[in-house]
Amino acid sequence: MTTQRAEAASGPAIDIRFGQVGLIQVLIWTTNPGAILDELTGRVATAPKFFQRTAVSIDLGPLGREPSVEEMQGVLDAVRRAGMCPVGLASGAAVAPALSRPLDLPLLPPFREFQPPAEVGARTRREEPRPEPQPEAGVLAQLHPQPVRSGQRVYARGRDLVVTATVGAGAELIADGCVHVYGALRGRAVAGARGETGARVFCQDFHAELVSIAGVFRVFETLPPDLAGKPVQAWLDGDALRFERLGA
Amino acid sequence: MTEIIVVTSGKGGVGKTTTSASMACGLARRGKRVAVIDFDIGLRNLDLIMGCERRVVYDFVNVINGDCALKQALIKDKRLETLHVLAASQTRDKDALTEDGVRRVLDGLIADAFDYIICDSPAGIEKGAHLAMYFADRAVVVVNPEVSSVRDSDRILGLLASKTHRSVNGNGGVKEHLLLTRYNPRRVANGEMMSVEDVKEILGLDVIGVVPESPDVLSASNAGVPVILSETSDAAAAYEDAVARLLGEELPLRFLEEPKRGFFARMFGG
Ligand SMILES: Nc1ncnc2c1ncn2[C@@H]1O[C@H](COP(=O)(O)OP(=O)(O)OP(=O)(O)O)[C@@H](O)[C@H]1O
Ligand SMILES: [Mg+2]
């Protein structure tokens, strides 16, 4: 008893903080667990350090119908077996609420609301929506003059992020607009964090671990020699992430 | 004015305790009043390296818990009269440290007009390491020239910039220094280890010292004599330089190249 009281007196039992965390979205086109497991294990294997035990949200948008609880249990099982940890459900339509309780997963807002592709049934994802408005004209970029160290995360909400120092391996830069690094980029850069497909990543000295634009990302387990240590920009060309040496 | 200096690294076994002991001795040898505190509760070894393990009666946790007065727990060094050691407890666990308790001990040392308080941090980023750095004015980040140590140091530098009393209260932040140790010029030349320049560039900080890999460190710690006191050792000279730089002197870095082998050594091979 006395120890409990001493503990209670020494401070609050918990703190509640509101924080922004990056979350990987798994958009499903099918509820076939075998097909999902096959594709996921393939992708996880390409970047195991990045995907293993990582939290993911399951987006039902592409499915275009309401799956049953049993179907979804199969999906979740496949995702877990691939090594990821589902932490929520997302869906643009009103399907997910009915699933949330039986699956014991919270509902999360969809990242970029999924819109069905133009040709019905075809698995093309060309026509990406642009739901987020461009950052307002005249909004200054967020300036970060200090180094961003391993384990730190800097988020520029609704604007560009400009870092004028080095970004360490394991550090994370996130911007709703573009990310600019006037130093070495050894960590992760996430531009267009709310879906702005026109966002870009620019850096002076490229050693990035990951670059993501509007959710399309590439993990660099090894750096392409033509980019390593060079000034580089990255942008989204349809569904493909492109990289190019600046001033070459 | 008392200055609190944390010796930290993130990664374990890189040379924090060796550095804490030598820098504390170096400062005391220049007449400064120095207290060096072992924050590695449960794994105390600063007292061994300082050669005072048999004189530990009360420790850091005893002072925090009010079992004894601060003065009773401070062990006076037998070689340098202005040097004092506050040992860690071997029997408690790290939860015995509290922010308030650490603050009280540091305030007691400040009231006692110490010039420097050196905090020897445990490895990791948990409570002990957090409290060792929390009240610091300066930090000596100890790093070995290899990738994982550099990565952990980057992480620690991030915490120094965000999770310390000075950073939280906007008092200009903690002044950061880099100390490279276990530097082996031959392995650097072979590309097996990172160079001083590589480490400086990745961490974006200047180095306050480069201590070569040296067998003298082990023999000194076995003898309970901080290596800076081993007169003929390169490691001692390197630590002495680091202390001078800490006090604001500008000295060129030494021991970055492999010592040239003398004529006889070459003649007789080996
Ligand atoms: N310059 C050096 N040359 C050779 N050996 C060294 C050198 N510096 C430290 N060592 C050795 O490395 C080992 C670890 O040193 P030390 O205890 O100082 O590290 P630490 O960072 O305090 O470790 P921990 O994280 O466990 O507290 C010891 O065996 C020590 O003798
Ligand atoms: Mg130690």
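The values are calculated or read from the model by the stated rules, or taken from the named source; none is laboratory data. All figures in this text were calculated on a predicted structure; none of them were measured in a lab. Every residue, glycine among them, receives a Cβ derived from its backbone with ideal geometry; neighbour counts consider all protein chains shown. Ligands, DNA and RNA are excluded from the accessible area calculation, which covers all protein heavy atoms including side chains. Shrake-Rupley method; radii C 1.70, N 1.55, O 1.52, S 1.80 Å.
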By residue number, the members of the range A:208-248 that are open to solvent by 60 Å² or more (accessible area, probe 1.4 Å) and among the polar types (S, T, N, Q) are A:Thr222
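Tell me, which strands (runs of 3 or more DSSP E) lie completely within the range A:140-205 with 1 or more residues that are more than 15 Å from A:Phe217 (Cα to Cα)?
Working: elements: A:142-144, A:153-156, A:161-163, A:172-175, A:179-185, A:188-191.
The strands (runs of 3 or more DSSP E) meeting that bar are A:142-144, A:153-156, A:161-163, A:179-185.
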Condition set in a helix (DSSP H, G or I) and either open to solvent by less than 10 Å² (accessible area, probe 1.4 Å) or hydrophobic (A, V, I, L, M, F, W, C) (or both), scope the range B:109-128, selection nearest to ligand 1 (Cβ to nearest atom): answer is B:Gly128
The residue that is most open to solvent (accessible area, probe 1.4 Å), considering only those in the range A:171-207 that are over 15 Å from the mean Cα position of the chain (by Cα), within 14 Å of chain B (Cβ to nearest Cβ) and of a type outside the set (Ser, Thr, Tyr), is A:Gln204
When every residue in the range B:1-47 that is open to solvent by 20 Å² or more (accessible area, probe 1.4 Å) and not in a loop (DSSP other than H, G, I, E, B) is compared, the one nearest to B:Pro212 (Cα to Cα) is B:Thr18
Output for Cβ contacts, cut-off 7 Å, separation at least six or different chains, first residue among the aliphatic types (A, V, I, L, M) in the range B:181-198, second open to solvent by 30 Å² or more (accessible area, probe 1.4 Å) and in a helix (DSSP H, G or I), reads B:Met193/B:Arg187
Scanning the range B:26-60 for residues that are away from ligand 2 (no atom under 15 Å from the Cβ), more than 14 Å from B:Phe114 (Cα to Cα) and among the hydrophobic types (A, V, I, L, M, F, W, C) gives B:Cys52, B:Val56, B:Val57
Open item on the list: Among the residues that make up the range B:89-104, is at least one of them without any contact (Cβ under 8 Å) to a residue 24 or more places away in the chain, of a type in the set (D, E, K, R), more than 16 Å from ligand 1 (Cβ to nearest atom) and within 14 Å of another protein chain (Cβ to nearest Cβ)?
Closed with: yes
Only one of B:Arg151, B:Arg166, B:Arg155 is under 27 Å from A:Gln204 (Cβ atoms), open to solvent by 50 Å² or more (accessible area, probe 1.4 Å) and more than 15 Å from ligand 1 (Cβ to nearest atom), namely B:Arg151
Checked B:Leu131, B:Leu106 against criteria (within 16 Å of ligand 2 (Cβ to nearest atom) and in a helix (DSSP H, G or I)); the one match is B:Leu131
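Quick check on B:Gln72: is it within 16 Å of ligand 1 (Cβ to nearest atom), surrounded by fewer than 20 Cβ atoms within 10 Å (Cβ to Cβ) and over 18 Å from B:Pro226 (Cα atoms)? Break it down into steps so the answer makes sense when it comes.
Values: within 16 Å of ligand 1 (Cβ to nearest atom): no; surrounded by fewer than 20 Cβ atoms within 10 Å (Cβ to Cβ): yes; over 18 Å from B:Pro226 (Cα atoms): yes.
So B:Gln72 fails the test.
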Picked from the range B:220-233 (must be part of a helix (DSSP H, G or I) and more than 9 Å from ligand 1 (Cβ to nearest atom)), the residue farthest from the chain's Cα centre (by Cα) is B:Leu229
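Of all residues in the range B:134-154, count the ones that are in contact with a His (Cβ under 9 Å, 6 or more places away or on another chain) and within 16 Å of ligand 2 (Cβ to nearest atom).
Of the residues in that region, 3 qualify.
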Of the candidates B:Val174, B:Val141, the one satisfying the condition of being under 16 Å from A:Ser150 (Cβ atoms), surrounded by 23 or more Cβ atoms within 10 Å (Cβ to Cβ) and within 14 Å of chain A (Cβ to nearest Cβ) is B:Val141
Every listed condition ((1) open to solvent by less than 60 Å² (accessible area, probe 1.4 Å); (2) within 16 Å of ligand 2 (Cβ to nearest atom)) holds for B:Gln90 save (1)
In the range B:9-32, anything of a type in the set (Val, Ile, Thr) and more than 9 Å from ligand 1 (Cβ to nearest atom) is listed as none
By residue number, the members of the range A:227-248 that are in a loop (DSSP other than H, G, I, E, B) and touching a strand residue (DSSP E or B) at 6+ places or on another chain (Cβ under 7 Å) are A:Leu227, A:Ala228, A:Gly229, A:Lys230, A:Pro231, A:Asp239, A:Leu246
